[in-house]
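**Q** Next up is a structure, given as structure tokens.
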Amino acid sequence: MIRTRFGNGITFGVSVLIVGWTIAATAATPADIERKIDALLARMTLEEKLGQMSQATTSGPLTDQRKEEIRKGRWGSLYGGGTAAQRAEAQQIALTQSRLGIPLIYGQDVIHGFHTTFPIPLGQAASWDPELVRQSARIAAREASGTGIHWTFSPMVDIARDPRWGRVAEGYGEDPYLASAMSAAMVRGYQGDSLDAPDSIAACAKHYVGYGAAEAGRDYNTTWIPENLLRDVYLKPFQAAKEAGIATYMSAFNSINGVPASGNEFTLRQVLRNEWKFDGFVVSDYTAVHELIAHGYAADARDAALKAIRAGVNMEMVSTDYWDNGKALVDAGQLDLKTIDEAVREILRVKFRLGLFDGRTLPGNVQGSNSEALAVAKQLATESLVLLKNEGALPLAKSVGKVAIVGFLADSPTDQNGAWVGEPIGTVTPLTAIRQALGESRVIYAPGLRGSGDTRRDGFAAAVEAARAADAVLLFLGEEASLSGEASSRAHLDLPGLQEDLAAEVAKVGKPCIAVILAGRPTTFHEVAANMRAVLYAWHPGAMGGPAIASVILGDAVPSGKLAITFPRTVGQVPIYYNHLNTGRPPSETGPAAGDKYRSKYLDVSFTPEYPFGYGLSYSKFDYSRARGSAPQVKLGGTLAFSAGVANTGNVEADEIVQFYTHQLAGSVARPVRELKGFQRIHLRPGEKRTVTFTLSTDDLAFYNSQMKLVTEPGAFEAWIAPDSVSGQEIDFAVVR
Ligand code: NOJ
């Protein structure tokens, strides 16, 4: 059988330049691939094997030394900057000038788009739209593969309950169910229908595992995660990636219960290989193998190599402990060749699956964003926007006279794109988009500050002046891109610098003020919000963030995003997340418990969040009614249907994200007060009503008991079909034997 693939924009029949058109011989069966690997392993020297297990970072043109190294099989993988031509040259050398012609696998951090920048993942999660997220990853794969990238270090599926951690921006929030849906969507998007298609790239679920639980939100910090929490929460989105067919994992920087993730036999061998049967490969994070020494887990580089290889880290990123010590470890009998061969086999398997041995060609015509990509970027940015407050100020009537736009974030393309961008093009800022929509003469722009580090107030007067001259004020506040992402943790969550002062000065003018907050994490802005008639949370919305924000502000689109992470009132409440346990002394805002001092709460601030998980407003109104289950009880192994009527009782057609939660009242291990078990994004016209149904299998209620067995325990349960994690009418049901 001959399989023919056509890349984008290729006219069949053009025979000279067949970019994007490969004729792959019969797709190799898994058995064929294993045979080919056997044959290669039989011919490889130990050095060549250690080379396959090594990845270098690179940028710019290839040096002569690097070319020579590739010829000698020193590297199995390169990652980092460079042009398509440079990547192609390196690959050509590997394929045609190295002894065995083993191709390189080229990696890159393609995190939320490549040429076309989509919202940061935390913003994407707020869309609760896995299909659109899948499409964004598909576009990123197409654009990245067009420059010779085979592999992305994405998705980052670390559950995060601490917004101080800068990398909260890169993941899908605090909930394992929602993050799992996004994780699977990203894998499907990147890897497409088949890994060897020219426009597919291998995905890498990172950072395996527990990285998001860094103590005190400080990046790279220690984590302590009991095994049942690890399995019930932190491992879930990684497992979803496996089920979606992910090709690779990245082992994390952090230690888990004292054992670094990049030397952790329990997570890497027991869980990933033995339990999940993962057969792709694991790459370490950047120098994470060598860092086993600083962790106090390895005595020296040789010990680090030994522990990481044994644990199942197949490829070492950047540090060179494998290369430097592998031979000595084998010669000394500390490491047997079988373990090395197994690691190399896993790497080669992914290379075969990607079609790299067959001289994979580039897909055609993907050099920049196209209109389809920009449309997806705009739609995803629009769906990611979360309306947190609205006292009728939004949407702004198009007949509004003049609008003052205040804040440097209204016109900062780099910042709106957020942390980890590829080769971005075509970013449209909110200022540009609003000027386009309203006309230059109706928009007065005053940045107020040059950035969050600006200590001068010399721009305040112009901002106040702009507000005076306008009928409404849009304040763009928040964080620059550099304040989130790797090594960008914050101890404070407030709007940094003098922005709160600027907002207060402008609000004093008395014009209706609307805050649009661009940030890589939940921030705290209670005082600012009190002065605003509306607050729209925009994350770092990417290239089309400007048009998306403009369309929501002006009512061409209706906000529908809902928070994928809890917003604290103050940093002192952190960690705060919706799926917590009840404690023996749960606090309450109502009833006798409200006045009881001896409850789990604070003296100086409420125990409730500023905005809960799942929360977000619309320009329309939704009424939830008649929530019920199909039966009062279900037998173990069976299913129940839960439904509620959801009606659009407002004036505009709009999307609503309907959420389904459960709670087990008593278990052999105490259960969270609520757990998300389903969601649906539905579209309703004014007056339209729909019955929304969720089917629950008793397996969905399973958790890890204290013997680390996955069990569903019979007992009493509650369920809610709700607009967020704190409301909804309760439905009681039972699971019986
Ligand atoms: C370190 C980061 O932790 C990881 O997410 C990234 O993929 C690698 N560096 C490579 O850039």
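The values are calculated or read from the model by the stated rules, or taken from the named source; none is laboratory data. Predicted, not measured: the structure shown is a model, and the values here were computed from it. Backbone-built Cβ (ideal geometry, glycine too); neighbour counts: all protein chains shown. Keep in mind that these areas ignore ligands, DNA and RNA; they rest on the heavy atoms of the full protein, side chains included. Shrake-Rupley method; radii C 1.70, N 1.55, O 1.52, S 1.80 Å.
**Q** Go through (1) away from the ligand (no atom under 16 Å from the Cβ); (2) surrounded by fewer than 14 Cβ atoms within 10 Å (Cβ to Cβ) for Gly81 and report which single condition fails.
**A** (1)
**Q** Hey, another quick one. Might you let me know whether the range 669-687 holds any residue that is small (Gly, Ala, Ser), within 29 Å of Ser588 (Cβ to Cβ) and open to solvent by 30 Å² or more (accessible area, probe 1.4 Å)? Please lay out each step first, then the result.
**A** We begin by selecting, within the range 669-687, every residue small (Gly, Ala, Ser); these are 670, 678, 687.
Those still in the list that are within 29 Å of Ser588 (Cβ to Cβ) too: 670, 678.
If we keep only those that are open to solvent by 30 Å² or more (accessible area, probe 1.4 Å) as well, we get 670.
Yes, the range 669-687 contains a residue that is small (Gly, Ala, Ser), within 29 Å of Ser588 (Cβ to Cβ) and open to solvent by 30 Å² or more (accessible area, probe 1.4 Å).
**Q** Filter the range 620-637 down to the residues that are among the polar types (S, T, N, Q) and touching a Ser or Thr at 6+ places or on another chain (Cβ under 8 Å), then identify the one that is farthest from Asp699 (Cα to Cα).
**A** Top of the filtered list is Ser620.
**Q** Counting only residues that are away from the ligand (no atom under 16 Å from the Cβ) and buried (at least 19 other Cβ atoms within 10 Å of the Cβ), how many does the range 261-279 have? Show your work before the answer.
**A** To start, the set of residues in the range 261-279 that are away from the ligand (no atom under 16 Å from the Cβ) comprises 263-279.
Now narrow it down to the ones that are buried (at least 19 other Cβ atoms within 10 Å of the Cβ): 263-264, 267-268, 271-272, 278.
The total comes to 7.
**Q** Does Tyr172 qualify as being within 16 Å of the ligand (Cβ to nearest atom) and in a loop (DSSP other than H, G, I, E, B)?
**A** yes
**Q** Moving to a separate point now. Take the residues in the range 291-329 that are more than 19 Å from Glu47 (Cα to Cα) and within 29 Å of the chain's Cα centre (by Cα), then tell me which one is most open to solvent (accessible area, probe 1.4 Å).
**A** Ala294
**Q** I'd like the full set of residues that are in contact (Cβ under 8 Å) with a residue 40 or more places away in the chain and of a type in the set (Lys, Arg), limited to the range 420-459.
**A** Arg442, Arg450, Arg457
**Q** So which of Ala515, Ala519 is crowded, with 24+ Cβ neighbours inside 10 Å, free of Cβ contacts under 8 Å to residues at least 60 places away in the same chain and in contact with an Asp or Glu (Cβ under 7 Å, 6 or more places away or on another chain)? If you could, list the steps in order and put the result at the bottom.
**A** On the way: Ala515 fails: in contact with an Asp or Glu (Cβ under 7 Å, 6 or more places away or on another chain).
None of the others qualify; the one that does is Ala519.
**Q** Using the structure shown, decide if Gly407 is closer than 26 Å to Ala126 by Cα and within 28 Å of the chain's Cα centre (by Cα).
**A** Criteria met by Gly407.
**Q** Right, next: In the list Ala144, Ala137, which residue meets the criterion of being within 16 Å of the ligand (Cβ to nearest atom) and either open to solvent by 10 Å² or more (accessible area, probe 1.4 Å) or closer than 25 Å to Leu385 by Cα (or both)?
**A** Step by step, each of Ala144, Ala137 is checked, and only Ala137 is within 16 Å of the ligand (Cβ to nearest atom) and either open to solvent by 10 Å² or more (accessible area, probe 1.4 Å) or closer than 25 Å to Leu385 by Cα (or both).
**Q** Go through (1) of a type in the set (Ser, Thr, Tyr); (2) under 24 Å from the mean Cα position of the chain (by Cα); (3) on the phi < 0 side of the Ramachandran plot; (4) open to solvent by 10 Å² or more (accessible area, probe 1.4 Å) and name the single condition Thr287 misses.
**A** (3)
**Q** Under 8 Å by Cβ, and 6 or more places apart or on different chains, what pairs join a residue from the range 305-334 that is within 12 Å of Ser54 (Cβ to Cβ) and assigned to a helix (DSSP H, G or I) with one that is more than 16 Å from the ligand (Cβ to nearest atom) and polar (S, T, N, Q)?
**A** As it stands, the answer is Ala305/Asn325; Ile309/Thr339, since those pairs meet every condition given.
**Q** Name the pairs: first residue in the range 154-168 and on the phi > 0 side of the Ramachandran plot, second residue within 11 Å of the ligand (Cβ to nearest atom) and among the aromatic types (Phe, Trp, Tyr), Cβ to Cβ under 7 Å, at least 6 apart or on different chains?
**A** Taking only residues 6 or more apart or on different chains, not a single pair turns up.
**Q** Residue by residue through the range 626-648, note down the ones that are within 17 Å of Arg681 (Cα to Cα) and open to solvent by 20 Å² or more (accessible area, probe 1.4 Å).
**A** Ser643
**Q** Moving to a separate point now. Return the only residue of Ala491, Ala503, Ala530, Ala507 being at pLDDT 95 or above, open to solvent by less than 10 Å² (accessible area, probe 1.4 Å) and away from the ligand (no atom under 16 Å from the Cβ). Full working, then the answer.
**A** On the way: Ala491 fails: open to solvent by less than 10 Å² (accessible area, probe 1.4 Å); Ala530 fails: open to solvent by less than 10 Å² (accessible area, probe 1.4 Å); Ala507 fails: open to solvent by less than 10 Å² (accessible area, probe 1.4 Å).
The match here is Ala503.
**Q** Another question about this same structure. For the range 698-737, which residues satisfy the criterion of being over 31 Å from the mean Cα position of the chain (by Cα), surrounded by 15 or more Cβ atoms within 10 Å (Cβ to Cβ) and not in a strand (DSSP E or B)?
**A** Glu713, Pro714
**Q** Here is a follow-up. Restricting attention to the range 365-379, which residues are at pLDDT below 95 and buried (at least 21 other Cβ atoms within 10 Å of the Cβ)?
**A** Val366, Ser369
**Q** Take the conditions in contact with an Asp or Glu (Cβ under 8 Å, 6 or more places away or on another chain) and surrounded by fewer than 19 Cβ atoms within 10 Å (Cβ to Cβ) and apply them to Leu665. Does it pass?
**A** For Leu665, the condition - in contact with an Asp or Glu (Cβ under 8 Å, 6 or more places away or on another chain) and surrounded by fewer than 19 Cβ atoms within 10 Å (Cβ to Cβ) - is met.
**Q** Which condition from (1) within 17 Å of Gly520 (Cβ to Cβ); (2) within 14 Å of the ligand (Cβ to nearest atom); (3) of a type in the set (D, E, K, R); (4) surrounded by 24 or more Cβ atoms within 10 Å (Cβ to Cβ) is the one that Asp109 breaks?
**A** (4)
**Q** Separate question: For the structure I just gave you, tell me whether Gly542 is at positive phi, within 24 Å of the chain's Cα centre (by Cα) and either part of a loop (DSSP other than H, G, I, E, B) or in contact (Cβ under 8 Å) with a residue 40 or more places away in the chain (or both). Outline the logic, then answer.
**A** Numbers: at positive phi: yes; within 24 Å of the chain's Cα centre (by Cα): yes; either part of a loop (DSSP other than H, G, I, E, B) or in contact (Cβ under 8 Å) with a residue 40 or more places away in the chain (or both): yes.
Criteria met by Gly542.
**Q** Is there a residue in the range 567-576 that is outside any loop (DSSP other than H, G, I, E, B) and touching an Asp or Glu at 6+ places or on another chain (Cβ under 6 Å)?
**A** Yes, because at least one residue in the range 567-576 is outside any loop (DSSP other than H, G, I, E, B) and touching an Asp or Glu at 6+ places or on another chain (Cβ under 6 Å).
**Q** For the range 380-411, how many residues meet the condition of being among the hydroxyl-bearing types (Ser, Thr, Tyr) and either open to solvent by less than 20 Å² (accessible area, probe 1.4 Å) or touching a Cys at 6+ places or on another chain (Cβ under 6 Å) (or both)? Reasoning before the result, please.
**A** Step one: list which residues in the range 380-411 are among the hydroxyl-bearing types (Ser, Thr, Tyr), which gives 382, 384, 399.
Add one more test, that the residue is either open to solvent by less than 20 Å² (accessible area, probe 1.4 Å) or touching a Cys at 6+ places or on another chain (Cβ under 6 Å) (or both), and what stays is 382, 384.
Summing the residues that are among the hydroxyl-bearing types (Ser, Thr, Tyr) and either open to solvent by less than 20 Å² (accessible area, probe 1.4 Å) or touching a Cys at 6+ places or on another chain (Cβ under 6 Å) (or both) in the range 380-411 gives 2.
**Q** Name the residue, out of Gly439, Gly448, Gly478, Gly520, that is at pLDDT 95 or above, within 26 Å of Pro547 (Cβ to Cβ) and within 16 Å of the ligand (Cβ to nearest atom).
**A** Matching residue, one of Gly439, Gly448, Gly478, Gly520: Gly520.
**Q** Residues being out of contact with any Phe, Trp or Tyr (no Cβ under 9 Å at 6 or more places or on another chain), under 20 Å from Gly561 (Cβ atoms) and among the small types (Gly, Ala, Ser): count how many of those fall in the range 612-637.
**A** Matching residues across the range 612-637 total 2.
**Q** State which residue is nearest to Lys277 (Cα to Cα) when the search covers only the range 335-346 and only residues that are in contact (Cβ under 8 Å) with a residue 12 or more places away in the chain and in a helix (DSSP H, G or I).
**A** Glu346
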